[in-house]
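Peer 1: The following block contains the structure, expressed as structure tokens.
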There are 2 protein chains.
Amino acid sequence: MVTLAEVAQHAGVSASTVSYVLSGKRSISASTRQRVERSIQQLGYHPNAGARALASNRSNIIALMIPLRTDMYMPVMMEIAIAVATTARAHGYDVLLLTGEEGPDAVRRVTGSGLADAMIPMDVELDDERLPLLRGSDRPSVLIGLPADTTGLTCVDLDFGATGALCVEHLAKLGHRDIAVIGEAPGVYERHTGFAERTLDGLRSRSRELGLRLLHRPCEGGYDAMSVTLARVFDERPSTTGFVVQNESAVEPLLALLRQQGRAVPEDVSVVAICPDQLAMQASVRLTSVAIPAQEMGRRAVELLVAKLEGHGTDEVVLLPPELTVRASSGPAPSTS
Amino acid sequence: MVTLAEVAQHAGVSASTVSYVLSGKRSISASTRQRVERSIQQLGYHPNAGARALASNRSNIIALMIPLRTDMYMPVMMEIAIAVATTARAHGYDVLLLTGEEGPDAVRRVTGSGLADAMIPMDVELDDERLPLLRGSDRPSVLIGLPADTTGLTCVDLDFGATGALCVEHLAKLGHRDIAVIGEAPGVYERHTGFAERTLDGLRSRSRELGLRLLHRPCEGGYDAMSVTLARVFDERPSTTGFVVQNESAVEPLLALLRQQGRAVPEDVSVVAICPDQLAMQASVRLTSVAIPAQEMGRRAVELLVAKLEGHGTDEVVLLPPELTVRASSGPAPSTS
DNA sequence: TAGGATTGTCGAAGCGCTTCGACTAGATTC
DNA sequence: GAATCTAGTCGAAGCGCTTCGACAATCCTA
């Protein structure tokens, strides 16, 4: 391993000078800088991460806490994780991957040991166990997701409340009066996961305002679960003509089952999905959907975090405005005749 | 931040004694140990990661290099990543998430800076750029995936050659003679990704041995791409009755399109998928499939790596044997009458 | 042209931990 | 009962870096 001292010797300067060349915290003459940089190149020097962390009290590592539940839609998590990693690298940070398994202890361990400078908790519950720790910590954090109380926190999320409202409005405008919501798996609601509950709130309050009837049914993914759920929906509200689907792995099953029952989309039934654009476009019917801007969320979270780490940056809640794209799965409600 | 020295003082012992209590590298009397452990508890001590890394030359971090391409099936990657993180934690390691973006430089950076003790490269190409660096490095690594030349390397992967063979055998046994392979996206082959090419080899050589006719078509996911691909297949080989699908996001489109064309599965056409079990069971037709043991791969990789880090552990190639589960998507070939 | 500000460089002191050698007591040996 | 072990503990020397204060040398400004 090449050390700072060896680089210094090779370049004929002191160790501190090399350090200042690297960090740019003091001005260095152009000639010296070049000499040092050449030595670094030639020797293939890489600063030792541990030594740096010890001396500077900064590890240049951001901890990303992903859920390990399998009832969350993986591709979205993955996309966020990749966006976080990519953006972090662009700012000189590496990303440590923590699973939900450790729970709040992970926060203690990581901040206590100085392993990471900052944290990005995902899969935030409304009254998340980690919140007090995050609030009380000197290390900054940015949540991806929205808890009930955001005081003293920085959060990034799609505005799921507005998303729900938007879906309802779209269907209302097309004349639909009876709307069924195919929600996430029951476990997601039992955990009081922020995004799921907020979506529901948005859906409910807007449909109340618009005088629509709303039926919410959580649903595990897959054909069997969807089949049972769908039967129940039409049983309870035969007049249902609009669907809002939030569970990605229920989308395709729903479309197949509707088809199978002879209900045409969008002639008889309209479907609005809340899912990544890619999925909406790859489905068997191009789906009218509100996109989940996974990349954007990951990127924004890191940018907020880096701002905090650099001193500027304040607590704020960034709610990305939902965008509804009309595709082939929604249309005017069938006439009631 | 509580330091080792403070714990030592609190417990009335020297710093080195606390260190030995923590590491267990020298014997400590039961009474002293208890006193120290109680102090650690009371003070809420967490060893500083940087200092530890500097002094011991071990970071207790494993770097996981995931692809950032979107043509790979994300859930599998995610599942592997989570298994890696979970297993690593169980062995006292944390996981650093690196994306493919940096390429081989990531290997240099991470090993050069001592950021990670070991690496797990994923998405391995047959002649991967990273291989020489890994071979020449003093830091151990375990690849998830199989390059062309494995000398001096440790690898874990599903035996994709055997997987291909198994799919063909299954269809052959059912009397199918003309088989179409719906492969991964073209880019995957262009990069010479190990698993895709090995599957193809297995499919081809076994069908040659069994006297079957094989048509391989790469395919992007989604309905449009699948629709075009399928049309070409039946155009070129109208007698096709068996499908092997390796691209997860082509599975559901294929089933829908076949249905739409009035070809019943499995009466007219049999489909064998290479995909995670969950997907096979959630599809609109329960799929006969060879499972991709994502968790197992992640777990095994970490275990091999930990063995190497602890001194025992040798270079070896672990090929997990494929298992084909017969479900509802495959059946006897229709009689040629 | 003297005084103060600015620029570029160095030396040294740590950051918090691990680990090696040394030391003390008691246990074991012949 | 002297010689030898062993178990348990300590002190001190680093690991490779950052950063502070000090110091020359150069630059203004009046």
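The values are calculated or read from the model by the stated rules, or taken from the named source; none is laboratory data. No experiment lies behind these values; they were computed from the predicted model shown. Positions of Cβ are backbone-derived with ideal geometry, glycine not excepted, and every protein chain shown enters the neighbour counts.
Peer 1: Name the residue, out of B:Leu203, B:Leu171, B:Leu210, that is at pLDDT 95 or above, farther than 22 Å from B:Tyr73 by Cα, buried (at least 19 other Cβ atoms within 10 Å of the Cβ) and in the same structural domain as B:Ala250 (by TED's automatic domain parsing). Even if it seems obvious, please write down each step before you answer.
Peer 2: Numbers: B:Leu203 fails: farther than 22 Å from B:Tyr73 by Cα; B:Leu210 fails: buried (at least 19 other Cβ atoms within 10 Å of the Cβ).
One residue alone meets the criteria, B:Leu171.
Peer 1: Okay, moving on. Looking for whichever is within 16 Å of DNA strand D (Cβ to nearest atom) and either within 8 Å of chain A (Cβ to nearest Cβ) or aromatic (Phe, Trp, Tyr) (or both) here; the options are B:Leu68, B:Leu115. Which one fits? Spell out the reasoning first.
Peer 2: Numbers: B:Leu68 fails: within 16 Å of DNA strand D (Cβ to nearest atom).
Testing whether each residue is within 16 Å of DNA strand D (Cβ to nearest atom) and either within 8 Å of chain A (Cβ to nearest Cβ) or aromatic (Phe, Trp, Tyr) (or both) leaves just B:Leu115.
Peer 1: Report whether or not A:Val124 is more than 7 Å from chain B (Cβ to nearest Cβ) and either within 16 Å of DNA strand D (Cβ to nearest atom) or free of Cβ contacts under 8 Å to residues at least 60 places away in the same chain (or both). Can you show your working first?
Peer 2: Working: more than 7 Å from chain B (Cβ to nearest Cβ): yes; either within 16 Å of DNA strand D (Cβ to nearest atom) or free of Cβ contacts under 8 Å to residues at least 60 places away in the same chain (or both): no.
The answer is no for A:Val124.
Peer 1: Hey, can you tell me all the residues within segment B:1-18 that are within 11 Å of DNA strand D (Cβ to nearest atom) and either of a type in the set (Val, Ile, Thr) or away from chain A (no Cβ under 14 Å) (or both)?
Peer 2: Quick first cut of segment B:1-18, residues within 11 Å of DNA strand D (Cβ to nearest atom) only: B:4-5, B:8-9, B:11-18.
Across segment B:1-18, the qualifying residues are B:Ala5, B:Ala8, B:Gln9, B:Ala11, B:Gly12, B:Val13, B:Ser14, B:Ala15, B:Ser16, B:Thr17, B:Val18.
Peer 1: Sort out which residues of segment B:75-104 are more than 8 Å from every other protein chain (Cβ to nearest Cβ), at pLDDT 95 or above and surrounded by fewer than 24 Cβ atoms within 10 Å (Cβ to Cβ), and write them in order of number.
Peer 2: B:Ala83, B:Thr87, B:Ala90, B:His91, B:Gly92, B:Tyr93, listed by residue number.
Peer 1: So, one more: List pairs: first residue in segment B:7-28 and within 18 Å of B:Ala51 (Cα to Cα) and free of Cβ contacts under 8 Å to residues at least 40 places away in the same chain, second residue more than 7 Å from DNA strand D (Cβ to nearest atom) and not in a helix (DSSP H, G or I) anywhere in the structure, Cβ distance under 6 angstrom, at least six positions apart or on different chains.
Peer 2: Every condition considered, the pairs that remain are B:Val7/B:Tyr45.
Peer 1: Could you grab me the full set of residues in segment A:1-23 that are more than 8 Å from DNA strand C (Cβ to nearest atom) and more than 23 Å from B:Val110 (Cβ to Cβ)?
Peer 2: Answer for segment A:1-23, where residues must be more than 8 Å from DNA strand C (Cβ to nearest atom) and more than 23 Å from B:Val110 (Cβ to Cβ): A:Gln9, A:His10, A:Ala11.
Peer 1: Right, something else. For B:Ser27, state whether it is surrounded by fewer than 22 Cβ atoms within 10 Å (Cβ to Cβ), outside any helix (DSSP H, G or I), outside the structural domain of B:Arg108 (by TED's automatic domain parsing) and within 13 Å of DNA strand D (Cβ to nearest atom).
Peer 2: Numbers: surrounded by fewer than 22 Cβ atoms within 10 Å (Cβ to Cβ): yes; outside any helix (DSSP H, G or I): yes; outside the structural domain of B:Arg108 (by TED's automatic domain parsing): yes; within 13 Å of DNA strand D (Cβ to nearest atom): yes.
So B:Ser27 passes the test.
Peer 1: Condition check: more than 8 Å from DNA strand C (Cβ to nearest atom), without any contact (Cβ under 8 Å) to a residue 60 or more places away in the chain, among the small types (Gly, Ala, Ser) and closer than 30 Å to B:His192 by Cβ. Does B:Ala88 satisfy that?
Peer 2: Working: more than 8 Å from DNA strand C (Cβ to nearest atom): yes; without any contact (Cβ under 8 Å) to a residue 60 or more places away in the chain: no; among the small types (Gly, Ala, Ser): yes; closer than 30 Å to B:His192 by Cβ: yes.
In short, no.
Peer 1: Determine which member of the set A:Leu43, A:Leu22 is surrounded by 14 or more Cβ atoms within 10 Å (Cβ to Cβ), under 37 Å from the mean Cα position of the chain (by Cα) and outside the structural domain of A:Ala116 (by TED's automatic domain parsing).
Peer 2: Working: A:Leu43 fails: under 37 Å from the mean Cα position of the chain (by Cα).
Going through A:Leu43, A:Leu22 in turn, just one is surrounded by 14 or more Cβ atoms within 10 Å (Cβ to Cβ), under 37 Å from the mean Cα position of the chain (by Cα) and outside the structural domain of A:Ala116 (by TED's automatic domain parsing): A:Leu22.
Peer 1: Then there's this: Based on this model, can you work out whether A:Val21 counts as within 11 Å of DNA strand D (Cβ to nearest atom) and in contact with a Phe, Trp or Tyr (Cβ under 7 Å, 6 or more places away or on another chain)?
Peer 2: Values: within 11 Å of DNA strand D (Cβ to nearest atom): yes; in contact with a Phe, Trp or Tyr (Cβ under 7 Å, 6 or more places away or on another chain): no.
No, not satisfied.
Peer 1: I need the full set of residues from segment B:100-142 which are more than 20 Å from B:Arg198 (Cβ to Cβ), part of a loop (DSSP other than H, G, I, E, B) and in contact with a strand residue (DSSP E or B) (Cβ under 9 Å, 6 or more places away or on another chain), in order please.
Peer 2: Once the filter is applied, which keeps residues that are more than 20 Å from B:Arg198 (Cβ to Cβ), part of a loop (DSSP other than H, G, I, E, B) and in contact with a strand residue (DSSP E or B) (Cβ under 9 Å, 6 or more places away or on another chain), segment B:100-142 yields B:Leu115, B:Ala116, B:Asp117, B:Ser137, B:Arg139, B:Pro140.
Peer 1: Yes or no: segment A:46-57 includes at least one residue that is facing chain B (nearest Cβ under 9 Å), within 7 Å of DNA strand D (Cβ to nearest atom), part of a loop (DSSP other than H, G, I, E, B) and more than 35 Å from the chain's Cα centre (by Cα).
Peer 2: Within segment A:46-57, not a single residue is facing chain B (nearest Cβ under 9 Å), within 7 Å of DNA strand D (Cβ to nearest atom), part of a loop (DSSP other than H, G, I, E, B) and more than 35 Å from the chain's Cα centre (by Cα).
Peer 1: Further question on the same structure: Which one is surrounded by the fewest Cβ atoms within 10 Å (Cβ to Cβ) among residues in segment A:1-19 that are in a helix (DSSP H, G or I) and of a type in the set (A, V, I, L, M, F, W, C)? Spell out the reasoning first.
Peer 2: Here is the first cut: in segment A:1-19, the ones in a helix (DSSP H, G or I) are A:4-11, A:15-19.
Among the residues that remain, those that are also of a type in the set (A, V, I, L, M, F, W, C) are: A:4-5, A:7-8, A:11, A:15, A:18.
Numbers: A:Leu4: 19, A:Ala5: 11, A:Val7: 25, A:Ala8: 19, A:Ala11: 22, A:Ala15: 14, A:Val18: 27.
Going through the qualifying residues, I end up with A:Ala5.
Peer 1: Can you tell me which of B:Leu153, B:Leu146 is touching a helix residue (DSSP H, G or I) at 6+ places or on another chain (Cβ under 9 Å), in the same structural domain as B:Ile66 (by TED's automatic domain parsing), closer than 18 Å to B:Ile292 by Cα and not in a helix (DSSP H, G or I)? Outline the logic, then answer.
Peer 2: Numbers: B:Leu153 fails: closer than 18 Å to B:Ile292 by Cα.
Of B:Leu153, B:Leu146, the one residue that is touching a helix residue (DSSP H, G or I) at 6+ places or on another chain (Cβ under 9 Å), in the same structural domain as B:Ile66 (by TED's automatic domain parsing), closer than 18 Å to B:Ile292 by Cα and not in a helix (DSSP H, G or I) is B:Leu146.
Peer 1: Considering segment B:243-276 alone, what residues qualify as being more than 16 Å from B:Gly331 (Cα to Cα) and assigned to a loop (DSSP other than H, G, I, E, B)?
Peer 2: B:Gln246, B:Asn247, B:Gln261, B:Gly262, B:Cys275, B:Pro276
Peer 1: Of everything in segment A:230-242, what is in a helix (DSSP H, G or I) and more than 14 Å from chain B (Cβ to nearest Cβ)? Give them in sequence order. Let's see the steps before the verdict.
Peer 2: Initial filter on segment A:230-242 (in a helix (DSSP H, G or I)): A:230-236.
Hits for segment A:230-242 are A:Ala231, A:Arg232, A:Val233, A:Phe234, A:Asp235, A:Glu236.
Peer 1: Please go through segment A:213-224 and give me each residue that is closer than 24 Å to A:Phe160 by Cβ and either modelled with pLDDT under 95 or assigned to a loop (DSSP other than H, G, I, E, B) (or both), ordered by number. Can you show your working first?
Peer 2: Within segment A:213-224, the subset closer than 24 Å to A:Phe160 by Cβ is A:213-222.
Of everything in segment A:213-224, those that are closer than 24 Å to A:Phe160 by Cβ and either modelled with pLDDT under 95 or assigned to a loop (DSSP other than H, G, I, E, B) (or both) turn out to be A:Pro218, A:Cys219, A:Glu220, A:Gly221, A:Gly222.
Peer 1: Another question, if that's okay. Being over 17 Å from A:His170 (Cα atoms), under 15 Å from the mean Cα position of the chain (by Cα) and β-branched (Val, Ile, Thr): is that true of A:Val317 here?
Peer 2: Details: over 17 Å from A:His170 (Cα atoms): yes; under 15 Å from the mean Cα position of the chain (by Cα): yes; β-branched (Val, Ile, Thr): yes.
Yes, satisfied.
Peer 1: Turning to a different aspect of this structure: Quick one: which of B:Val251, B:Val244 is within 30 Å of the chain's Cα centre (by Cα), more than 12 Å from B:Ala283 (Cβ to Cβ) and in contact (Cβ under 8 Å) with a residue 24 or more places away in the chain?
Peer 2: Answer to the check: B:Val244.
Peer 1: Now for a different question. Is it the case that some residue within segment A:3-25 is in contact with a helix residue (DSSP H, G or I) (Cβ under 6 Å, 6 or more places away or on another chain) and either basic (Lys, Arg) or under 30 Å from A:Leu158 (Cβ atoms) (or both)?
Peer 2: no
Peer 1: Turning to a different aspect of this structure: Given A:Glu184, A:Glu209, which one is among the acidic types (Asp, Glu) and outside any helix (DSSP H, G or I)?
Peer 2: Numbers: A:Glu209 fails: outside any helix (DSSP H, G or I).
Just a single option satisfies the conditions, and that option is A:Glu184.
Peer 1: Just to be sure, is B:Arg38 in contact (Cβ under 8 Å) with a residue 60 or more places away in the chain, charged (D, E, K, R) and either surrounded by fewer than 19 Cβ atoms within 10 Å (Cβ to Cβ) or away from DNA strand C (no atom under 12 Å from the Cβ) (or both)? Talk me through it step by step, then tell me what you get.
Peer 2: Numbers: in contact (Cβ under 8 Å) with a residue 60 or more places away in the chain: no; charged (D, E, K, R): yes; either surrounded by fewer than 19 Cβ atoms within 10 Å (Cβ to Cβ) or away from DNA strand C (no atom under 12 Å from the Cβ) (or both): yes.
In short, no.
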